[in-house]
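Report on the structure given below.
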Amino acid sequence: MTRTFSIIKPDATKRNITGAINKIIEENDLKIIAQKRILLTRELAEGFYKVHKDKPFFNDLIEYMISGPVIIQVLEGSNAVEDYRKIMGATNPSEAKEGSIRKKYALNIQENSVHGSDSDQNAKIEIEYFFEKKDIVV
Ligand code: ADP
Ligand code: MG
């Protein structure tokens, strides 16, 4: 079994579609083994997205990510990182495949409803950034 880190972003918590997104996650054989609703601080959000700090969209991204509650999650599956990236769909919803979370729910390239780790190494780093071992129940 492998793990990935997920965030259901503020546009989704605001529209009350976190259950609908979790249903897609579970229907695609990923198991939610940790989950918590939190309000990100600016510091947490900036640290989490620090690889993007020089991008033109960074400041808007941080304001958006702290604009409302998020659901942070650990997902487990046989190929969790790759499978979840597929289930999420492309960053830009206009390029996302039919049946993906972003195709169905994303509002635009920024408010795209979900985050998923892009590698096993980043999954480990991101999970440890937000969760303690005792919070993850298999
Ligand atoms: P992903 O979330 O698909 O891994 P990135 O890591 O490239 O995408 O970007 C992180 C997040 O920053 C995106 O999910 C989205 O919310 C936002 N973002 C990415 N590119 C843009 C852009 N060109 N304009 C506005 N926001 C963007
Ligand atoms: Mg990314």
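Tabulated values for the structure
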{"read-out": "Cβ-Cβ FRET estimate between SER78 and ASP54, R0 fixed at 35 Å, reported to 0.05", "value": "0.50"}
{"read-out": "Summed side-chain charge close to GLU63 - residues other than GLU63 whose Cβ falls under 13 Å, Lys, Arg +1, Asp, Glu -1", "value": "-2"}
{"read-out": "Volume per residue that the Cα convex hull of region 5-51 spans, once the total is divided by residue count, Å³", "value": "95 Å³"}
{"read-out": "Value of relative contact order over the chain, rounded to a whole percent, pairs C-alpha under 8 Å and six or more apart", "value": "38 percent"}
{"read-out": "Residues of region 94-138 with amide N under 15 Å of a point placed 7 Å along Cα→Cβ from LYS86", "value": "97-101"}
{"read-out": "Value of [θ]222 nm, deg cm²/dmol, for the chain, DSSP H segments ≥ 4, -39500 (n - 2.57) each, nearest 500", "value": "-10500 deg cm²/dmol"}
{"read-out": "Residue-span extension gain [LEU39 to SER119] - 0.36 nm each, minus C-alpha spacing", "value": "26.3 nm"}
{"read-out": "Extension reserve of the MET1-ILE32 stretch, reckoned as 0.36 nm per residue once the Cα distance is removed", "value": "9.9 nm"}
{"read-out": "For region 119-131, Karplus couplings with θ = phi - 60° (6.51, -1.76, 1.60), whole Hz, Gly/Pro x", "value": "7, 4, 5, 5, 4, 4, 4, 5, 4, 5, 5, 10, 10"}
{"read-out": "Translational diffusion coefficient (Stokes-Einstein; Kirkwood radius from C-alpha pairs) of the chain at 20 °C, 1.002 mPa s, in µm²/s", "value": "144 µm²/s"}
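Quick note: the coordinates plus some simple rules give every number you see, no bench work behind them. All values derive from a computational prediction rather than experimental measurement. Because the Cβ atoms are built from the backbone with ideal geometry, glycine has one as well, and the counts that use them run over all protein chains shown.
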